[in-house]
Every structure is written in structure tokens, then in C-alpha cells.
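The values are calculated or read from the model by the stated rules, or taken from the named source; none is laboratory data. For clarity, every value in this text was computed on a predicted model and none was experimentally measured. Using ideal geometry, Cβ is built from the backbone for each residue, glycine included, and neighbour counts are taken over all protein chains shown. For accessibility, only protein heavy atoms count, side chains too; no ligands or nucleic acids. Shrake-Rupley method; radii C 1.70, N 1.55, O 1.52, S 1.80 Å.
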Amino acid sequence: VGKPNIPGKLSYSLATGMAKFGSDYVFPEMLHAKFLRSPYANAVVKSVDVAAAKKIPGVVDVVTWEDDDLKNFGGGGRRGSGGPPSAYVDTAADMEDDEVAVIVVAETEELCDEALRALNPQWEVLPHIVDILEGRKPDAPVIRENRQGRGNVTLADNNRGDIEAGFREADHIIEYDFNMPAFSGHVPNPYASVAYWYDDPRHDPVRQSLHIEGAVWTANQGKNAVGGMYGLPPEKVRQDGYFQGGKYCDWGFRKVQQITPLLAKRAGKPVRMVLARKEMYDFNMNQRFSRLKVGFKSSGLITAIDDFSIADAGVPPVSTLGTSGDQSYGPYFTTRCLNIKQSMEVVNSNRGKMYTSGQHCPFNWDSLTMAIHLIAEKLGKDPIEIATRNLHGPTDYTDPDPVPSYKACVDEGKKLMGWKWHATGAKKLPDGRMHGASFRYQMCPRHSFSGYNSKLELRNGRVRMGTQGCCTGIYAVEGNAMVVAEELGLNYEDVDIDFDYTEPFAPVGGGSDGTTASAWVTKECANILKQRILEAAAGNANNPPAPGGFGFGAPKEPAPSPLKDCRPEDLDMADGNVYVKRDPGKAVPLAEAVGQAHLFATYSGRPPTALWATGMGRYLDTMNIAMCEVAVDTETGLVEIIRFGVVADPGKVIRLTSLESQIHQVMDFSAGCQLQEDFFYDRETGVKLNANMFDYKKISMLDLPRVDMKFLETRAGNAAYGSNGISHSLANTHLVVCAIHNAIGKWVDPPATPDKVLKALGKA
């Protein structure tokens, strides 16, 4: 546990291109399917010419919203926002490219396209909202029913203490804007599914079994959830593919992943459906505008926070992540401030959909980062000093004692970055550019909601860890195998990872926090297996097999085992051997010690509840910090991130390479959303103008800034080995922006493109 560069079980397949994703599967006589998609941001299909589409040779099926199969399929609730439930596919489109009304099935994708054109859909185009500031106005067109609010707006509040008393207590009051664009997660592999039905004599031959590839997230959560939509138990659903593609905690099903079994049943052949790249620009972060008012004492202690936000609800079904959910787990609850007012207008729009994001870093987190830097500037202090003064201790909001993990991170961070704070606009680099720096902190969260079912097997002296997968770039499977090796005194290579869709173990909860949570369960299971190994070793040593054999002469007595006369409690395991505790020189290789024993161990459960989940910031254990240095060219407006610095305390590192990679991932997120990524819409039609890899400016490998990292291991978490996760808590929306402000004394809303920087400087 903790070693770097332990190879992933499936890394070779990924690196060589052998890995097959949902869109890679091809079966004999396979058909293709496509949804009719809306070219408008808000529209209703009034009619389609089904007969014309069916006349095209090679078109096998045309399923409409009026077909009983679609009427009775799936669940309701699509309309969201308090509106009535609707069919799985209806005639209403809430955004451009929304799936509506019709599915066509044909022999090729090109024939599907031809059939969709032949449908000649007639649309009623409705008013749309792609500007949430306009959509919140009382005279804005109401784009969908909103039983929980008024017009397009639903209100959400979360208050604590006496906000007015907090401002009266303050020596200073600042007001500022905190604004964020939307951000796309960019799943690298298209969502896809191919399904077919087959006769399976092993399980209930009366009903056919389902084979599905390219489901979602994990083999179990994907295949079983899809199978459940068709009334099938897990043993009736087969999935062989284990590659799902890296996702930024996007657990949402797409309709292309759910509907193919229905289409395959109707056609009697395998059916595949794949999302096009332009259909995959879903939100990983919704747009938000905030106005904040913060009161604080001359010491820097914050006494009152008033946060008014306008957040994009997007397209139904609406997630509270990125909107009202942020109010219950936010940055303010890690401070000693007892007077907090959060009010939010959540605005329905036709901009896009956020299926879900497990970022576990509320999207308003850096509103506090901005406050810390503004207070530091006002008082002429280092922002680290302001952050430290306001962060409450481990036990409660009123605890003034420093969090040990945070203090350790800060000490190491200052050394890592050679931290020397300077006032705004006070440092010019030798090349004439302005230098800026910034600082933020976060807690290290961990999943504790998920339960896990671990199973280990010892056969022929080898330990097998079966898992249903899947491979999403998390490498949680490998982390768990490392834990098994740690507990059994083996090398990582001695644990056979076996991907098998029938296995119960799925070690996914969301990145590193899911790994540490599932590893707690695996660790328990490994110790059960260890006890059984020691029992078998003691039994074999004290009850050797009777001599026997073929050939001439008397059979030889076996040599006495070094473990003879030992009880299980006298033994332990290390370096691939079973040895005698009181005399470690007496050791027997594992395979020899257990002989022909075939041993199993299972354990089901979950780790202790994580502190962040119980208090949402009230209780603190493991922490992390991030620092940033930028250079700003005041003539061109170009911003260069010189480097990020990260010091994180996950409690205990499980798989170092995965942890390093996750930090690179979140810094990719941070650089992209603050320097170049944004959505643009045509206001007249509501159509996205940059849903492609050329115009949506994603960070490339060449753009990724230098990231200096140091990891601490305080064992302060309560998962395996005292670990917590890092999750995506280091992902930030304003760390770079704060560094730009320190360089030039101007606030630039992200993304801080050169034209915006020049405009802030009065040069454009």
C-alpha cells in the first residue's frame, strides 16, 4: 500500500488500443438506432411522417411516442421542476439535441439519418431561456411548469445565526461579485450501448437473458440497473465489457444506454446506439452569478456572510448539485463565522443538462477564497493568515484550535512554493510580466454512503480477487488488490485480479474517496481470509497426509513441517510465507503451507461514516491546500500559470500513482474553467455555438501547467489505514483568478481570456 507506479490490471489493454468501449462492439446482423433530436432549444413535435421513413430500404423499425412500448417504458418525472411526470420519450424538447418523439432502427447509421430526415418533423417552436439573468425577470417567458416556484425561478435559503448582528459586530464590510461560467466534463469515450437477447438454459430458460455492452459507470450499477428496467434479475443480464471511459463523477444514465434492449427485443437482432460527440457537451458545472457581502473584524475574523446567488437549474430532471445543494455543504461551514445568510434563485433554462457531479467541492467554494484574498488585501496581511484565523478547529464551529492536518499542509506548502506573499501589483518578473499568487484550502471528503461486497478466494496457493469492474480510470480495483497484498504479506503481483461480471465486488464510490471506502471493506475481508489461511496451515502441519506413492521400496515419511505443533494464533504471514511468530526463521511458502486447501472469505459492509458527511464542514479531519503562481502580460492580456502547488493529506496514500493523476485531473479542470472554457449560445435560436472540439477550448496536454505536489499521511481519516479521499476537492474555480488579481489589482470573471484581462486593465 502506498507504492507508486503499480501497473493497472487493464493498463496494457488501454495503452495498446485493445480495450473495447461500448461503441467498439460489433455483433453479427447488428442494427443501429438513433433518436430524433431537436434543432431548437425549446420546441414540441406536432407531427412526423412515419410512413415515409418506413419506406426507405434498410429501415427496420420506427418507434414513436404513441407506441405502447415507449408509453410503458421507464419512469416518469422527466419534466422536473415540480411539473407532472411524462413518458420516457415525449414530444417536448427542453434543449437543443434533446431526444424526442421518435426512434429509428436501420441497418446502418447513414440509413438512420436518412430516415430521420424523411420523418419531416413539424415543430412548434417555443420561447427559450439561455440567459439566466433574463430568465429570472418577471416578464420573461415561462419555459416550463414550475409548481415549486414562480415563473422560471425557485427560491432556496439556508441561514444560520443573526446576519444583522454579525454586520454590526464587524469593523469592515466588503461587497463583491463571484461569477462562474458553465463547464463541460468531456467524457472521452462516447456513451454507447449494444444489446441483444438470447436463450440461456442456465437461468430460467422460459425467459430470455439479456446481453448488454457499454452500460454505465460499473458493470453492476450499469447492467443491473438497465436489466431492472426490463424486470430481469442480475443473473439474467450479462456484460463482458469493462471499459467505461473516464468520467468526472458523472453517474447519469443516458437514454442510449437504456433503450437498446427494447429495440433489440422488437427487432429480434442486436441493436446499437451511440451518442455523437456534439451530443455529449453536458454540464459538469452550471452557470452562477453571486453577490456577496462579508463583515469582518480588524483581526481578519469574519463575523457575517450574506451570499445571494442566481444559479442555472438547466434542463430537467434538475440536480441540486451546483444549485441549492451547495447551501448545505459549503465553504462557510468550515469557518468560525456563526452568522450566515444564503439565498438563491434557481432559474430554469434551456441551456443544458447536468446529470450529476460528484465533485464534492461545492461550486461556490471559492466565494470564500475570494473573501479571504479581499480581506487580506484590505488589512495588508497574507491570505494564509486570514484563512487560518477563520478556519474552525476539528470539533465544531466554535473550536478555535487549529486543525492539525491543515497546519501541517500549510507548513509544507510554504516550503514547497517558497511562499513569500506580496501586496497586489507589487512584483514584476524580469521579463516585464506581473507576478501574482494565491492560496486556498479544502477538506478531504470521503464517501460513506455506499456499501460494498468483497469476496476473496485462495486456490492452488494463489489469492484471487474477483470484481465486476469496471475500468473508469479510477484504478480502485488495483488499490483494493494492494490492500489484500498488504494484509496477507504478499506482493501486489501475487493477487490475481479477475474481472468477472458475475462477481459482487464493485469498488467504485467516486475516485479516491470511493477507493478508501471500499478498501476498508476489502481489508476486513482479507483478514477473514488470513485467519482461515493460518488455520489451514496449522492443520496441514499437524495433520500431514499419509505417506504413499508408487514404485519399489517403502514409502517415505514426509519431513516434519517447520510449523508443526503450532496453533493458528502462533502464526503470521509475510513475504509470501506463513511463519512462526516466535521464530520467524521457521517459514513455509504460502502454497506449501495450505496444500490443497480451497478457501473463501466474504465481507459486506461500509466504513465508519465520514466526518464531512455528518457535519458538512462542522467537523474537520484531513485537509488539503492549493497555491498558484501566475504571470500576466499587461500588453497582450495573456495569463500563464507558472505552477500550481498542492499539499494534501489523504490520511494514508493507497495507490500513489492514482493520487498524483487525480491531482493532475483537478488542476486540468481548474486551469480550463478559469482560462479558456465557456459555452456560447445563439440568442435567437438557443443553439450552442461551440459544441465541438475545435471551438470549445479544452485544456490539452501541452497546456497543463506544472503541478508540484506533496502528500502527508496523518492517518486522521476513518477509512482503511486512517485514510480519507481527496475526491475532487482540490478542483477550483477562482484560485487562478485570485492570483491574477494579486498581479494586476483587477478582478476578471472566469474564463480570464486575454480580451477580458485587457478590458479589466482599460486597454480594450
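Per this entry, G166 is not counted among residues that are open to solvent by 30 Å² or more (accessible area, probe 1.4 Å), of a type in the set (G, A, S) and modelled with pLDDT of 95 or more.
Yes or no: the range 480-491 includes at least one residue that is among the β-branched types (V, I, T) and not in a strand (DSSP E or B). Yes, there is a match, as at least one residue in the range 480-491 is among the β-branched types (V, I, T) and not in a strand (DSSP E or B). For the condition touching a residue at least 24 places away in the same chain (Cβ under 8 Å), open to solvent by less than 10 Å² (accessible area, probe 1.4 Å), over 18 Å from G241 (Cβ atoms) and not acidic (D, E), G461 does not qualify. In the range 89-112, the residues that are on the phi > 0 side of the Ramachandran plot form Cβ pairs under 7 Å with partners that are assigned to a strand (DSSP E or B) and modelled with pLDDT of 95 or more, at six or more places apart or across chains, as follows: D97/R37; A101/L36; A101/V45; A101/T64.
Is it fair to say E412 is farther than 25 Å from I340 by Cβ and part of a helix (DSSP H, G or I)? Yes, satisfied.
Entry remark, the range 638-690: residues being in a helix (DSSP H, G or I), open to solvent by less than 10 Å² (accessible area, probe 1.4 Å) and among the small types (G, A, S) number 3 in total.
Where strands (runs of 3 or more DSSP E) fall entirely within the range 266-370, those with at least 1 residues that are in contact (Cβ under 8 Å) with a residue 60 or more places away in the chain and touching a Pro at 6+ places or on another chain (Cβ under 7 Å) are at 271-274. Within the range 563-600, the residues that satisfy the criterion of being open to solvent by 60 Å² or more (accessible area, probe 1.4 Å) and not in a strand (DSSP E or B) are K564, D565, R567, E569, D575, K581, R582, E592, Q596, H598.
Applying the set (1) part of a loop (DSSP other than H, G, I, E, B); (2) in contact with a His (Cβ under 9 Å, 6 or more places away or on another chain) to G469 leaves exactly one unmet item: (2).
Reported count of residues in the range 590-610, each being in contact with a strand residue (DSSP E or B) (Cβ under 8 Å, 6 or more places away or on another chain) and closer than 19 Å to C525 by Cα, is 12. Of note, G436 satisfies the criterion of being surrounded by 24 or more Cβ atoms within 10 Å (Cβ to Cβ) and over 27 Å from the mean Cα position of the chain (by Cα). For the range 304-330, the candidate set comprises residues that are open to solvent by 10 Å² or more (accessible area, probe 1.4 Å) and among the hydroxyl-bearing types (S, T, Y); within that set, the residue that is modelled with the lowest pLDDT is S319. Restricted to the range 40-61, and to residues there that are in contact with a Phe, Trp or Tyr (Cβ under 9 Å, 6 or more places away or on another chain) and over 16 Å from V89 (Cα atoms), the residue that is surrounded by the most Cβ atoms within 10 Å (Cβ to Cβ) is A41.
Looking across D513, D494, D498, one residue alone is among the charged types (D, E, K, R) and open to solvent by less than 10 Å² (accessible area, probe 1.4 Å). It is D513.
Among residues of the range 411-426 being more than 18 Å from I372 (Cβ to Cβ) and in contact with a Gly (Cβ under 8 Å, 6 or more places away or on another chain), the one that is surrounded by the most Cβ atoms within 10 Å (Cβ to Cβ) is L416. Checked against (1) surrounded by 16 or more Cβ atoms within 10 Å (Cβ to Cβ); (2) in contact (Cβ under 8 Å) with a residue 24 or more places away in the chain, G151 meets all criteria but (2). Does R446 satisfy the condition of being outside any helix (DSSP H, G or I), more than 25 Å from K3 (Cα to Cα), open to solvent by less than 30 Å² (accessible area, probe 1.4 Å) and touching a Ser or Thr at 6+ places or on another chain (Cβ under 8 Å)? No: the conditions fail for R446.
Taking each residue of the range 421-438 that is on the phi > 0 side of the Ramachandran plot and looking for partners that are surrounded by fewer than 13 Cβ atoms within 10 Å (Cβ to Cβ) and assigned to a loop (DSSP other than H, G, I, E, B) with beta-carbon atoms closer than 9 Å, six or more apart or interchain, yields G432/E635.
In this structure, does N159 turn out to be open to solvent by 50 Å² or more (accessible area, probe 1.4 Å), under 30 Å from C337 (Cα atoms) and not in a helix (DSSP H, G or I)? When the stated conditions are applied, N159 passes them.
Just so you know, in the range 446-477 the residues that are in contact with an Asp or Glu (Cβ under 6 Å, 6 or more places away or on another chain) and not charged (D, E, K, R) include one that is nearest to A631 (Cα to Cα), and it is H447. Between M443, M434, M465, the distinction of being under 28 Å from Y329 (Cβ atoms) and not charged (D, E, K, R) belongs to M443 only. The residues of the range 343-357 that are buried (at least 23 other Cβ atoms within 10 Å of the Cβ) and out of contact with any Cys (no Cβ under 7 Å at 6 or more places or on another chain), listed by number, are M344, V346, V347, N348, S349, N350, R351, G352, M354. Remark: pairs (first residue in the range 206-220, under 19 Å from V271 (Cβ atoms) and among the acidic types (D, E); second residue open to solvent by less than 10 Å² (accessible area, probe 1.4 Å) and at pLDDT 50 or above; Cβ separation under 9 Å; 6+ apart in sequence or on different chains) = E213/G22; E213/A192; E213/S193; E213/V194; E213/A195; E213/Q239; E213/G241.
Residue by residue, here is whether (1) acidic (D, E); (2) more than 22 Å from the chain's Cα centre (by Cα) holds:
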| position | (1), (2) |
| --- | --- |
| C628 | no, yes |
| L656 | no, no |
| D682 | yes, yes |
| T685 | no, yes |
| K688 | no, yes |
| I699 | no, no |
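The requirement of being touching a residue at least 60 places away in the same chain (Cβ under 8 Å) and over 32 Å from the mean Cα position of the chain (by Cα) is not satisfied by A610. Restricting attention to the range 169-193 and to residues that are among the hydroxyl-bearing types (S, T, Y) and part of a strand (DSSP E or B), the residue that is modelled with the highest pLDDT turns out to be Y176.
Candidates in the range 127-142 are the residues that are in contact with a strand residue (DSSP E or B) (Cβ under 6 Å, 6 or more places away or on another chain) and not small (G, A, S); of these, the one that is most open to solvent (accessible area, probe 1.4 Å) is R136.
Annotation: of all residues in the range 698-726 being in contact (Cβ under 8 Å) with a residue 24 or more places away in the chain, part of a loop (DSSP other than H, G, I, E, B) and over 30 Å from G605 (Cα atoms), the one that is most open to solvent (accessible area, probe 1.4 Å) is R706. Flag not set for V105, criterion: open to solvent by 50 Å² or more (accessible area, probe 1.4 Å) and among the aliphatic types (A, V, I, L, M).
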